[in-house]
Every structure is written in structure tokens, then in C-alpha cells.
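**Q** The structure's right below; bear with me while I get my questions together.
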Amino acid sequence: MNPPPDVDAVAVSADLRPSAGLRASPDATLALVPPRVIARGYCERDRAVRRLLALADATAIALALLLAFLSEAAWPYVAWGLLTIPAWLIINNAYGLYARDIKRMSHGTVDDLPGLAHALLVGCLLLWLYYHIVPTGRIHFRYILVFGVLTLLFSLAARSAVRYRIRRRLGPERVLLVGDDDAIAVLASKLAGHPEYGVEVVGQIAEGACEPASADALASIPRLRGGEDLDVARIVAEHHVHRIVVSYGDVRTDTLRQLMRQAQEASVKVAVVPQPFDVMGPSVEVDNVEGLTVFGVYPPVLCRSARAMKRAMDIAGSLSLMVLCAPLLAALFSVYFFVLTPITNTLTRTQEAEADVFGLNASRQPDGFAQPARP
């Protein structure tokens, strides 16, 4: 016996069905479309940061190649080494060296050292094997070691210079605070007292009335009204917000959920000052701002390079699978046609015989086939 249907579900489905002679309005259709949870790309500032850091690494690798092989005057080694720069950028990207500046507010050049050193270790081993394959001939491993050390030094220097230029040309990262508790006040004071983070607080959203803030750090910050009608997209567009910092203890759960959804749709990063372990998950980046723990929720982004790499992997995997399965497909087709041949021959002969009978009946000459055979 089937269980009785849910009354609410039936009511909702009945409301969604258009009545006879009426068409659904565009607004009602758009209301049924689920929100986008994966951003189409990075914002302009994040995209510029990634590209400038990649340019800094490419420049450092090119200079290290020139200096490492300068004593040997081995220009073919330099030329073949320059061709590996895209592979180096892919390795660095796999170690997250272009996304940590976006995920964290307190990330600096020193924090790049562990990931950069490990990426260089893997890349140098692959480069040594690469020089055994290309026409330049084999090379002693000590030149690879010199190249790795030079690349590490040049990359750290270039990344530090790029971050300085980013703060000068693009300005500080604009941050919007959400909440009005002690944690937000402490965070605002720490950000104001440490300009090396390159962060500027552009506003504060509180769920209550827009009363003057009691804390000194929040007194000079413009206060915006929040609530159920919170329009994150409008606030982000008006104030050019790059990151939103939320105090979990001062924001209702439904407001936080709404803010997170709208921020993901607008490709804006969100950092949460939580109660311990409330928002821990696989996509959370633990940040530290002068002793204050901040959990950064990194919006999932599928940029053009990632889409192109995914499409290339799909095509390469499909072609490889087709090549590997070609003998099996040929064998299956052979068996199929071998089994099907008697059936097709029988059908063909039956149709031919029926056609002959039809022709004889239509011509009214029963001996029509015998007449051409007479001498």
C-alpha cells in the first residue's frame, strides 16, 4: 500500500503547474532556477594577482636558466629550458602558489617558501629527465641544483616585489565586516594597526539599527543596515568589496546562509570569525590575523584555464579509451555481423521471392521466367 502523499508537496506542485490558458511569468520561471554555487571566474583583482604572480615566477625561471648555464655558454640548454616555463607554472599552481594570496588575508612571501621549495624539488627532477630526452644531450645534475637555488631566490624576490606593486597599483583589498560583537571590533583594530596586510575596511553591516559604534576601531567605519532584505550584490558593486568577514556569534544562521549564497554568486570571498569548529570543512582555510583565528571560506571557482585543462583531460581520456578499446570494438562488430549474416541473407531471399511472385501476378504471365530460357 502506497503511503499518502505529502500535503505540502502536493500544494507546491499544484502551485507550480500553470493553469489552463495561462503561461508562467518570467519572474516565476527565474524563481525556480537554482542559484549558481560555482563562480564563473575570479574577480578582477584576484585575476590580476594570479597573473602577476605567474609572471613573476616565469621571469625568475628565465633568469635562473640564463645564469645557471651562462658559464657553459650552452644556449641550447637555455632555449629548451625556456620551453618548460608553462610546465613550471602548472606545477606551482598545483601547489596552490597562486591561490593562497586570494584565500588568506595574512599570506606573505615567507609563507610561500615551503610550497615553492617542494615544487622546485619536483620540477628539478623532471627537468633533469627532460634534458635526457631533448636533443641537447645529457647534463650534469649540479647545474640543475644551481638552477633550483637561483630559481628559489629569484622567485621569492620577484613575488615580494609583485606584492608591493599590487598594493601600490591596485590598492588595498577592500573588506566588508558583518557583525557588531567584540570579535569584529578586535579584528578591525588589528587590521587598522597592521597596514602590511594591505586590507582596508570599507563598511560594517549590523542587523540592528545603525547606531554609532562604541569601539574606537569601528567608530570611523561606515555602518550599513542588514536584515532579511540584505542585497550583497548591490553592496559589493557600490563599495567594490573583495572580501566579506562575518562574525558567526553575532549573525543569525539564516542570514549567514543567505550571505554565503549571494557572495558565492558574486565571486566574493568570505571569511568567518567562528565559534570553534562550527564551519570546519574541506574548503576552509585557517587564517591568523595577529593571534585572532579566522576561517576563510574559499568560493569554488572554475576559471578558464581550469575549464580548458578539464576539457583537454576529457578529450585525451576519451581518445585513449577509444584507442585501447578499438580491438575489442572490432571483435564485437565482427561477431555481430557474423551472427547477423544468416538472418540478413534469409530476409533478403524471402523479399526477393515475394517480389518475383508479385511481378508474375502483376504481368499475368505465369511463364514469364520460362520464355527467356527457351531456345
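**Q** Looking only at the range 180-194, decide whether some residue is outside the structural domain of A99 (by TED's automatic domain parsing) and at pLDDT below 70. Quick ask: steps written out before the conclusion?
**A** The initial filter retains those residues of the range 180-194 that are outside the structural domain of A99 (by TED's automatic domain parsing), namely 180-194.
Imposing the further condition that a residue be at pLDDT below 70 reduces the set to none.
Checked against the condition, which is being outside the structural domain of A99 (by TED's automatic domain parsing) and at pLDDT below 70, the range 180-194 yields no hits at all.
**Q** Of the residues L156, L170, only one is in contact with a helix residue (DSSP H, G or I) (Cβ under 8 Å, 6 or more places away or on another chain), modelled with pLDDT of 90 or more and not aromatic (F, W, Y); which? Walk me through how you get there before you give the answer.
**A** Working: L170 fails: modelled with pLDDT of 90 or more.
Only one candidate passes the filter, namely L156.
**Q** Right, next: Could you give me the residue pairs with C-beta distances under 7 Å whose first residue belongs to the range 113-140 and is over 22 Å from D101 (Cβ atoms) and in the same structural domain as A58 (by TED's automatic domain parsing), whose second residue is assigned to a helix (DSSP H, G or I) and β-branched (V, I, T) wherever it lies, and which are 6+ apart or on separate chains?
**A** C124/I144; L127/I144; W128/I144
**Q** Now a separate question. Find the residue count for the range 131-145, including only residues that are outside any loop (DSSP other than H, G, I, E, B) and either at pLDDT below 85 or farther than 17 Å from A79 by Cβ (or both). Don't jump to the end; show me each part of the working.
**A** Taking the range 131-145 first, the residues outside any loop (DSSP other than H, G, I, E, B) are 131, 141-145.
Of the ones still in play, those that are also either at pLDDT below 85 or farther than 17 Å from A79 by Cβ (or both) are 141-142, 145.
Residues meeting the conditions: 3.
**Q** Can you tell me which residue within the range 223-244, out of those that are in a strand (DSSP E or B) and at pLDDT below 80, is farthest from T255 (Cα to Cα)?
**A** Just the residues of the range 223-244 that are in a strand (DSSP E or B), to begin with: 223-225, 243-244.
The next check asks that each one be at pLDDT below 80; those that pass are 223-225.
Values: R223: 17, L224: 15, R225: 13 Å.
Step by step, filter the range 223-244, then rank; the result is R223.
**Q** Hey, any hits in the range 254-269 for a residue that's at pLDDT below 70 and surrounded by fewer than 18 Cβ atoms within 10 Å (Cβ to Cβ)?
**A** Start the filter on the range 254-269 by keeping residues that are at pLDDT below 70, which leaves none.
The answer is no, given that none of the residues of the range 254-269 is at pLDDT below 70 and surrounded by fewer than 18 Cβ atoms within 10 Å (Cβ to Cβ).
**Q** Pull up the range 75-90, narrow it to residues that are surrounded by fewer than 18 Cβ atoms within 10 Å (Cβ to Cβ) and β-branched (V, I, T), then point me to the one that is farthest from the chain's Cα centre (by Cα).
**A** Just the residues of the range 75-90 that are surrounded by fewer than 18 Cβ atoms within 10 Å (Cβ to Cβ), to begin with: 75-76, 79, 82-83, 85-87, 90.
With β-branched (V, I, T) added as a condition, the list becomes 85, 90.
Working: I85: 22, I90: 14 Å.
Per the stated criteria, the residue is I85.
**Q** Considering each of F277, F369, F295 in turn, give the residue that is at pLDDT below 80 and not assigned by TED's automatic domain parsing to the domain that holds D182. Can you show your working first?
**A** Values: F277 fails: not assigned by TED's automatic domain parsing to the domain that holds D182; F295 fails: not assigned by TED's automatic domain parsing to the domain that holds D182.
Going through F277, F369, F295 in turn, the sole match is F369.
**Q** Identify all residues within the range 131-184 that are among the small types (G, A, S) and more than 26 Å from the chain's Cα centre (by Cα); write none if there are none.
**A** Result: G137, G148, A157, A161, G179, A183.
**Q** Given the condition touching a residue at least 24 places away in the same chain (Cβ under 8 Å), within 24 Å of S160 (Cβ to Cβ) and of a type in the set (V, I, T), answer yes or no: does some residue in the range 55-63 qualify?
**A** Here is the first cut: in the range 55-63, the residues touching a residue at least 24 places away in the same chain (Cβ under 8 Å) are 55-61, 63.
Now drop any that are not within 24 Å of S160 (Cβ to Cβ), which leaves 55-61, 63.
Then keep just the ones that are of a type in the set (V, I, T); that gives 59, 61.
For the range 55-63, residues touching a residue at least 24 places away in the same chain (Cβ under 8 Å), within 24 Å of S160 (Cβ to Cβ) and of a type in the set (V, I, T): present.
**Q** Let me confirm something: among G148, G179, G171, which residue is surrounded by 16 or more Cβ atoms within 10 Å (Cβ to Cβ), of a type in the set (G, A, S) and at positive phi?
**A** On inspection, the qualifying residue turns out to be G179.
The values are calculated or read from the model by the stated rules, or taken from the named source; none is laboratory data. Remember, it's a predicted structure, so these values are computed and weren't measured experimentally. In this analysis, Cβ positions are derived from the backbone assuming ideal geometry, glycine residues included, and neighbour counts consider all displayed protein chains.
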